[in-house]
Amino acid sequence: MVALALALLVASEAPPQAPAQPPKAVPKAAPQLTKLPQLLEAPPAEYPPERLAKGETADVACLVDIDAQGAVSNVVLEKIGAPDFDAAALAAIRKFKFSPAELDGKPAPVRIRYVYHFVIAKKPVERPKVAIGTIRGEVLEAGNRRPVPGADVTDDTGAQAVTDGSGRYQLEAPEGHRTVTVAAPGFETRSQPLDLAAGGTVEARRIWLHRTAVGDLQATVPGDKPVDAPTRRTLSHEELVNVPGSLNDPIRAVQNLPGLARAPFLGGQLLVRGTPPQDTGVYLDGHRIPQLFHFLGGPSVVNEQLLDRIDFYPGGYGAYYGRNLTGAIDVGTRKADPTGVHGEGSVDLLQAVGFVETPVDKDTQVELAARRSYIDIFLPLFIPNDPKRGVTSIVPVYWDYQARADHKLPNGDELSLFFFGSDDKLSIVQRGGTQQLPLALDTHLAFHRMIFDWKHTDHDWTFSLSPALGWTKQSFSSDAEGRGPFGLPQTADVTILTGEIRGEARYKPSSAFTLRLGTDLEFDRASYSADLQSSIQILSLGLPITQKLTIDRVQPVQQWGEYVEGQFTLGRLSLVPGLRLDEYRWLDHARFSVDPRLWARYALTSATSLKAYTGVYHQPPQGQQIDRDLGNEDLDLEWGWQAGFGVEERFSDLWTASAELFYNRRGSLIVRVDPTTVNGQVFNPRLLNNGIGRAFGLELLLRREISAQLYGFLAYTLSKSQILQNPGDEWSAFQYDQTHILTVVAGYRPTPKWELSSRFRLTSGNPYAPVTSSIFDADSGTYVTTHGESGDAREPLFLQLDVRAEKKWIYDLWSFALYLDVQNVTNHLNEEFHVYDYRFRQQGSIQGVPILPTFGVKGRF
C-alpha cells in the first residue's frame, strides 16, 4: 500500500507526462479548408467520334491537382477505362481554370476528385417564347447535412446551374411544371418536381444526396515534408476512428506505430523506444496534460469528434518541446464545422458519449462534448457470489468534458478558448463471503484546464500566444484487509495549481530561411498532505518495524524555458539547428540545462529523402522525488542524448515507406537505493542519480494512405533497451524491452455503408528475472530469494488478432451505425507477467486479455 500511495503522489506532484517538441507556432493545428475551388472555365472535351456514332457514354473519374492560382497542375486517372474516353477527359481537364482554394483564408494548392461525364446532348426543341422564372434551392449530403458544392443542377428544359460552396444554386427556367435534377460525382442523382410562375421565384425543397462512392470526396491538401522534426508520424481523424482493438478510442491507434512497445493488458502507457512512460511528453494543443487515459486502461480523456490529428515524435525533435528524455505526442483538436449544427451520440457496454457543434455566426463556432462510464453499475450484476470467500473487484468510474469556441477577428487574427476536464475514481465491488475481510479503497484523480490561444500574421512574421490555467486534485486512502499488523491505513491528498504560458514568433523572409523564437513557462503550486504507515526492515535484521509518516506542506516549482531555432534550405538540403535553455526552481534549489539540437534532411530525388539528427534532452525530478521526507531534494536533472539516421520513400500518392536507425543514451537516472551504515550512522538518501540507460534499434513503416476503399500500414521495430541501476551492477533489460514488435493494420470499405478492419500484433514476450533459489527466513516469516537479472528469461511470444465491423444506415437528416469490435478474436492465451507461489517453487503467469467483444451504437446528425 505504501508503494501505491507514493506512486500516486508521484503522479500528482508533477503532471505525469513530461514535455517534448514540435516547431509549429504553438502546436499549430492542421490547416482548415475555408473555401473550395470553383470551376470558372471548362472547355468541352472532344467526344470520340466512334463512340458518338454508337451513342455510347462514359464517366471518367480523375484526381485533379489545383495550384494556388487556380490552374490545373496535374491530372491522374482514378481508374483506367476506355482509352479514347480517358484521353479526351484528361486533355479537357488540363485546360480547366478554377478559382483558388483557400486554407485558413489564404490561397493554397489542393487536390480534388472530378468526374467528367460524356453524355450525348439532345438537340433543343424549338419552343415558343415563354416567361422566365427563378428556382432557388439547396443541395445537402444525406446523413450529415453538409453542403455539396459543385453539383450540376438541370431542369427538363435544359437550363443549368452549379451549386456554390454552401450548396446553394439559382436556376433561370421557363414557367410551368418543371423537374429539377441534381447530379454530383460520387452521389446518386435526385429529381424534384415543382411549379414555376412567370416572373416569380420558387424556393425548392432541400435535395438530399446519398453517397454512392466510398470515402469522402473532399479536397485533399498535399502535405509538405515535416519542418518541425525529422520524424513525425501523423494519423488523421479518419484513420484514427476505426482501428480495431482500440475500444473505439482514436488515441490508442498511436500505440500501433513503430517505436512504441506494447503496453500490458489494455493499458494506455506510452512506452517509446525502450523508455518508461514518464520520459515521453503528452500534449493537448501544445500544453501538457496530467493524464491521457482514464484509469485501468479506459479511453482517452478527449472525445474523438474533437480530434483533428495526432502527431507522434518518437525522438530527435527540435527545440519546441523540452523537459523530457525521449518522445512526444501532440494531440490537436479542431474547430467546429461552420456549415451548421452537427452532433453525435454513442452508447456501448462501457460508456455513453455525446457531442454537438454549431456556428454562432460566420466567424464564430462552438463545440461541446461529454462522456460518462457506467461499468460500475452493470458489473456487479454479473459478478458471481462465493458464499465463503466472496469476490472482490475494482472497477473504474470516469467522466470527462470538452468545450471549445473559435473566433476570427476582422483583421484575420484567430482566437480560441478551450475548456476540458476529467474525473476518475476506483470503486470497490464486494459480493458475499463469510470469510471475506472488508477492504476500503478510495483513489481519485480529477483535473480541469483552460487554454486560450491567439495567432496573428503580419507579412513575414507570425505570432502566437497561449496562456493556460489548470487545477489537479488527486487523493488516495485505503484501509487494508487485515486491520492489524497486516493492514496499514494510508491516506494522501494532493492539489496542484498550474499556470502555463506558451509564446512564439516566427520570421520567414523567404522560402530558404525561417527563424523561430519562443518561450515555454510553467508554474506549479502543490499543496499536499499524507498519513502513511509502512513496515520496513533495516539491513534485513529482526522483525519489521511499523513507521508512520505525516506530511502537510506546500511546494512551489518554477520551470522557465526559452528556445531558438532556424531552418536553412540550401537546394536539396534542409538544415535545422536549435538551442533550448531551461531553468528549474524548487524551494531553495535551482537547476539549469542547455540542450543543443540539430537535424537535417536531404532530398536525393523528389520521392526519396535522407534524414539525420542528434540532440541533448533534460528532464527534472518528479514531485515526490524532491520531497525531503519521501525522496531527495538534492537530486539533479536526468539527461538524454539521441541520434538517428533514416530514409523515406514515396512510391506514389498513396504508398510510402520509411526506415530509421536510432540510439538513445540516458544518464543521471533517478533510482531508489537501500539504506547503508557509515561509522555506525544510518545513511538513507532514498533516491540518487545513479542510473544509466541505453536503447537502440531499427524502425520500419510501410503505409497506404486513406483512399476511397483501402487503407492501413505495417510497422516493425527491432530494438534493445537496457538499464544499469547503480554503479557496479550488471546491465539488465528494461521492464518492457520487446526485441520484435510487428503490427499490421488494414481497413476496407466495400460500400459507403460498410467498413471492415483488422489488426494483427506479434511481439516478443516481456523480460523477467527468474528465481534461482529461495530460503525461509524465520525472523521475518517470509522466503528470501536469489534471482537472475531482468532479461535472463522472457514470457512467450505475444500474438493477437483484432477485428472490427461497422454498418451504417443513412437517412436525410441523420445516420445510424452499429459496430462490433472484437479483441483477441482467436482467444490466444498471452502471458503478461511471470509469478511464483509463496515459496517461489511453482511458476505461473498472469494471462492477458481473453477474447473481448465490444458492441456499440452511434447516431450522427
- Roll a 1.4 angstrom probe over the protein heavy atoms and tell me the percent of accessible area of the stretch 649-714 that is carbon or sulfur. 59
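The stretch 286-369: which trypsin sites (Lys or Arg not before Pro) are DSSP loop and have at most 13 other beta-carbon atoms within 10 angstrom?
Taking the stretch 286-369 and a limit of 13 other Cβ atoms within 10 Å, the loop trypsin sites (Lys or Arg not before Pro) found are Lys362.
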- Note on the structure: Heads up, the stretch 815-861 by the C-alpha gyration tensor (a ≥ b ≥ c square roots of eigenvalues; a/c under 1.5 rounded, else a/b over b/c prolate, else oblate) looks prolate
- Report the semi-axes of the equivalent ellipsoid for the stretch 653-768 in whole Å, largest first, where each axis is √(5λ) for an eigenvalue λ of the Cα gyration tensor. 46, 15, 11
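So which chymotrypsin sites (Phe, Trp or Tyr not before Pro) in the stretch 38-111 end up in coil per DSSP with only 10 or fewer other C-beta atoms within 10 Å?
Answer in residue order: no site qualifies.
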- Task: Taking every Cα atom in the stretch 699-856, find the radius of gyration and the maximum pairwise distance Dmax, and write them in Å.
- Result: 22.4, 77
- Message: Accessible area of the stretch 722-817 with a 1.4 Å probe: how many percent of it is carbon plus sulfur?
- Response: 60
- Sticking with the crude label model, points 7 Å out along Cα→Cβ, report the distance from Leu63 to Ile851 in nm, one decimal please. 3.9
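How many percent of all Cα-Cα pairs in the stretch 599-647 sit more than 11 Å apart?
Counting every Cα pair in the stretch 599-647, those more than 11 Å apart make up 73 percent.
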- Task: Past 19 Å, Cα to Cα, is the threshold; run Lys455/Lys611; Lys35/Lys97; Lys54/Lys95 against it and keep the listed order.
- Result: Lys455/Lys611; Lys54/Lys95
- Fraction of the pair-distance distribution of the stretch 679-726 above 15 Å, Cα-Cα pairs, percent: 70
- Item | Cleavage-rule hits, trypsin sites (Lys or Arg not before Pro), the stretch 692-796, DSSP coil, Cβ neighbours within 10 Å at most 11 | none
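The values are calculated or read from the model by the stated rules, or taken from the named source; none is laboratory data. What you see is a predicted model, and the numbers here were worked out from it, not measured in a lab. We place every Cβ from the backbone using ideal geometry, glycine too, and count neighbours over all the protein chains shown. Calculation scope for accessible area: heavy atoms of the full protein, side chains included, ligands and nucleic acids excluded. Shrake-Rupley method; radii C 1.70, N 1.55, O 1.52, S 1.80 Å.
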